[in-house]
1. For the range 173-248 and the range 30-68, what is the centre-to-centre distance using only Cα atoms, to the nearest Å?
2. Just want the ordering: 302, 102, from fewest to most Cβ atoms lying within 10 Å of their own Cβ.
3. With the chain treated as a Gaussian network of Cα nodes joined by springs under 10 Å, which of 246, 68, 285 yields the largest mean-square fluctuation?
4. Would you mind telling me which residue in 321, 224, 184 has the biggest mean-square fluctuation in a Gaussian network model of the chain, where springs connect alpha carbons within a distance under 10 angstrom?
5. Quote the relative contact order of the chain in percent (integer), defining contacts as alpha-carbon pairs under 8 Å separated by 6+ residues.
6. Relative to the longest principal Cα axis of the chain, at what angle does helix 6-16 sit, 0 to 90 degrees, rounded to 10?
7. Report the local net charge at residue 174: Lys and Arg +1, Asp and Glu -1, summed over other residues whose C-beta lies under 13 Å from its C-beta.
8. Take the residue pairs 116/207; 144/355; 150/216; 249/337; 150/249 and return only those whose Cα atoms are more than 25 Å apart.
Amino acid sequence: MKRFTGSILIASLIAIGALPAAAAQNHGLPMFEVDKAWPKKPPNMKFGDVSSIALDDKDNAWVLTRPRTLKGDDAKTAAPPITIFDYAGNYVRGWGGNGAGYEWPQREHGILIDAKGFVWLGGNSCPTNGLPGLQPVADDQLLKFTQDGKFVMQVGHSNQSKGNTDTDNFHRPADAQLYPQTNELFVADGYGNHRVVVIDADSGKFKRMWGAFGNKPMDADSCEIITYKTFAEPGPPQFSIVHAIRVSKDGAVYVADRENRRVQMFTRDGKFIKQLMKGDAIFARDLAFSPDADQRFLYVGYGKGIAVVDRKALDYLGMIEPPGILGAGHHIQTDSKGNIYIAQTTAGMQRLTYKGMSQ
């Protein structure tokens, strides 16, 4: 039997797409392949744009879609905004939409299952975005539900934002993450505002906020997404589309500043620590942690794939780009087994199966 050396093994992994060439210089990186059997969508359901995927403690995938993006006959069989798939990919149930006592977002954006099992979601609709089928309001709220769809709390109100100094409303929030040790919800706020907001997860009471580099966030509200052509360190003093947020077990806060193509790292009190900027391609679309005890890796949407970043050092290590990957994702999440789930808006959803570490 032919014995493979380390270099031959790595070359073989590159050839089959399990380990991209960019990562070949770094041993000990996670490998993935596309799970073509996931999910098993009911044949009688049509799914709108897939915006975000959350995982619960049983590794069920909670998929947030935008039913209003479906047109014609497809709209008649639209799946509910939230659909749940078990680990095998089977459809379990779905719920969501307008109801009494709360304002459901016009344009669904982010979903979270927190450590207590509650479901949080928000939207990013803007009154002048011109998208068909939407009411001309801004999604300035977060909603909290039980897992069976019972309404618990609304924080903020539709079309009520007063800007980055507002402590009662969000402004088109993109993402949220609970830090269980302090019961604080960290919110990427977001599309209209340019800040991180921290609230008490039980009461919804405002606690603190900050902008890029820990600066005071400034108003620059625009329905149009402002894109940039040149990128140089350290970048602008304000966030531009605070698109994703993650808080590690050891209390570090990671913010995806999408249009500025950088990930910034903070303490829980908003003190800036460091950043990683990648100006050669769209970077910092989304964030997820590897599920090991130390959360060694931070996964970041980058170009046509997902970057592997050393979480603590905030150093770029390599790329995840197996054959058939949908792309970098709009939002991404990991389950307890290390698999990555990609919500790719118009392209659908996908699971990347974790295949162990390169040697």
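Every number in this text was worked out from the coordinates using simple rules, so none of it is lab data. Quick caveat: nothing in here was measured; it's all calculated off a predicted structure. Quick reminder, even Gly has a Cβ in these numbers, built from the backbone with ideal geometry, and neighbours come from all protein chains shown.
1. So the two Cα centres are separated by 26 Å.
2. The order, fewest Cβ neighbours first, is 102, 302.
3. Top of the fluctuation ranking is 68.
4. Of 321, 224, 184, the most mobile in the Gaussian network model is 224.
5. Relative contact order, the chain: 16 percent.
6. Rounded to the nearest ten degrees, it is 50.
7. With Lys, Arg at +1 and Asp, Glu at -1, the neighbours total -2.
8. 144/355; 150/216; 150/249
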